[in-house]
Each structure stands twice: as C-alpha cells, then as structure tokens.
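To start, the structure itself, in structure tokens.
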Amino acid sequence: MIKSLFTDFRTAVIIGIIIAITIVIAYSFRFLAEKYINKLVLTKHIDPTSYVFAKKVVTAIIYVIGISFALVQIPEMKIVGHSLLAGAGILSLVAGLASQQALSNIMSGFLIVMFKPFKINDRITFNQNYTGIVEEINLRQVVLRDFENNRVIVPNSVISTQVVVNANLIETKVCKMIEIGVGYDSDLGKALKIMEEEIINHPLHIDNRTPEDMQNNLPEVVSRVVALGNSSVTLKAWAYSDSASNGFIMYCDLLRSIKERFDAENIEIPYNYQNIIIKKTE
C-alpha cells in the first residue's frame, strides 16, 4: 500500500512538473513571438495577421504536446497520450470532442489568413450593420472594435460567409458625396461654385486627379445638378479624403460651411412645399 501511495505521489509530481514546464514554454514562446512580431511591424511595416495567427496555432500545439506527455504518465491514459504524440487518431479525437461549428470556425480562420479578405487594423463592414477595426483573428473568431470602443465578436464561419466591405484592402481614401437641395429661384451656377470652393478649402480634402487629368485641366472638384424635386433642385459634389474617419469629419464640416455660405449668399435651402386647394361646394 505504501509503495502504491509513493507511486501515485511520484506520478502526480511528474504530471505537475510537465504541466508547469508546458505553461512556462507556452508563455515564453508567446512573449518572444509578440516581441518579434512587434519588431517586424515597427521596422519592416509588415502585415501582422499571419504571424499572430501562427503564434496562436503554435501555442495550442505546445499545450497539446504537454498534455500528451502528462497523459502518458497515467497508465489508464497512456493510449490517448501516445495517440496524441504520434499524431494517430488526432482527427477522430477532434471530430469526437469538437462540434461541427468549431471545426468550421477553425477552417474558416485558416482561409481568412490565407486569402486575406481583410487583415488586422483594417476597417470593415459586414452584414451591412457592423463596422469596426479588426483587432484580432484567432482560431475561433474575429474581434472588431467599433466606433463606440465596443468589441464585436464574430465567429470565423459567420464572417467568412458574409459580404464584407473592406475600406483598406487597396487604398484608404474615400469619396464623400455632398448632396444639398436648393430653391428653384436660386442661382445654380453660384451654388455649385460655392460647394466646390468649400470642398477645395477644407484641410482634409485631397486632390484625386491623376497627372493626366491635371494636364487636361479637369476640375479638382466635380459638382452636378442631379435631380429636380418637387420643391428643390438637388446638387451633388464629390469630395475625397485620405481615410474614412477624416472623410466623415470633412463631410460634417462641409454641410455646415456650405449652409453658412448659402445663407450669406441668399441661396435658399427650401422646406417641402404643399399646395392646398379648397373647393367650395354650392
């Protein structure tokens, strides 16, 4: 009996040491990997998405190997431990323990990292409802930070089946359409010129013309009459900015500055008019 207790205690100690070593190795690897990734991002300006994803995969493998060595020390679990270490039966074990959804998330995560429809620090919109900055892509989910600093957690299998709008896939500049209605009695040429001037003078506006456009003397800002409404003429101008956040600020500023210029130049922004006809019946 004493020998049995000694054996059980010795086994427990060995398992504890193996688990402790596993945790130390995993944390050491994560620390060194994060340090290396941050260095690459700062010095070479690389995309960290693949590196962060690989770090999580390797960390998971370290834990699996450590648990496998611990299981080998228990006679009843030797078969499972050897199977994990040898790689035999891993797929069947995962299929038996993990749900179909979990497997789908893992596979979708690999596909996202491989084909890169978006990457860390990209601004994306999916399902036409959720917009945010990609903070993390791991084996199970994508983490977005929205404009209210909330974290939106999206399973990989869900976001991989949605239409995703990526504001940073090729370039970050955006086009904001400034659309304003003016009265039918207003000077349309003057109103269009005011809109163009306010856009050009805004500090966040960028010139989107190509060198060829400049040689052909094309205007820096394009404005048009786009609709004749019931009580107003709709004018539209296209303004470019270097990013979505600056574009939103520019858009808000331009609505105010154009309205103030219109008021100063006596250009009416009309309310909806309704003509009421009262018929007298004998």
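The values are calculated or read from the model by the stated rules, or taken from the named source; none is laboratory data. Remember, it's a predicted structure, so these values are computed and weren't measured experimentally. Positions of Cβ are generated from backbone atoms using ideal geometry, with glycine treated the same way; all protein chains shown enter the neighbour counts.
At a glance:
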read-out: Where a residue in region 18-37 is surrounded by 11 or more Cβ atoms within 10 Å (Cβ to Cβ) and its partner, wherever it lies, is outside any helix (DSSP H, G or I) and modelled with pLDDT under 90, with Cβ under 7 Å and at least six apart; value: ILE37/PRO48
read-out: Single residue of LEU255, LEU235 found to be in a helix (DSSP H, G or I) and under 16 Å from GLY181 (Cβ atoms); value: LEU255
read-out: Unique match (being free of Cβ contacts under 8 Å to residues at least 24 places away in the same chain, of a type in the set (A, V, I, L, M, F, W, C) and farther than 30 Å from TYR271 by Cα) among PHE115, PHE126; value: PHE115
read-out: Unmet requirement for ILE120, which otherwise passes all of (1) part of a strand (DSSP E or B); (2) under 30 Å from VAL41 (Cβ atoms); value: (1)
read-out: Residue in region 260-278 that is under 12 Å from GLU179 (Cα atoms) and free of Cβ contacts under 8 Å to residues at least 12 places away in the same chain present; value: no
read-out: Residue satisfying all of: in region 117-127; under 8 Å from the mean Cα position of the chain (by Cα) and not charged (D, E, K, R); surrounded by the fewest Cβ atoms within 10 Å (Cβ to Cβ) among these; value: ASN121
read-out: Meets criteria (of a type in the set (Ser, Thr, Tyr) and at pLDDT 85 or above) for THR125; value: yes
read-out: Qualifying residue in region 94-107 (condition: closer than 30 Å to ASN166 by Cα and modelled with pLDDT of 80 or more); value: yes
read-out: Any hit, region 220-243, residues being free of Cβ contacts under 8 Å to residues at least 12 places away in the same chain and within 31 Å of the chain's Cα centre (by Cα); value: no
read-out: Residue in region 164-181 that is of a type outside the set (S, T, N, Q), part of a strand (DSSP E or B) and farther than 26 Å from TYR240 by Cβ present; value: no
read-out: Unmet requirement for GLU179, which otherwise passes all of (1) among the charged types (D, E, K, R); (2) free of Cβ contacts under 8 Å to residues at least 40 places away in the same chain; (3) under 22 Å from MET250 (Cβ atoms); value: (2)
read-out: Count of residues meeting criterion [surrounded by 13 or more Cβ atoms within 10 Å (Cβ to Cβ) and either part of a helix (DSSP H, G or I) or of a type outside the set (A, V, I, L, M, F, W, C) (or both)] in region 128-157; value: 12
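Let's see how each residue does on (1) touching a Pro at 6+ places or on another chain (Cβ under 7 Å); (2) within 28 Å of SER223 (Cβ to Cβ); (3) exposed (fewer than 14 other Cβ atoms within 10 Å of the Cβ):
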{"position": "ASN166", "(1), (2), (3)": "yes, no, no"}
{"position": "ILE170", "(1), (2), (3)": "no, yes, yes"}
{"position": "ILE178", "(1), (2), (3)": "no, yes, no"}
{"position": "GLY183", "(1), (2), (3)": "yes, yes, no"}
{"position": "ALA191", "(1), (2), (3)": "no, yes, no"}
{"position": "GLU198", "(1), (2), (3)": "no, yes, no"}
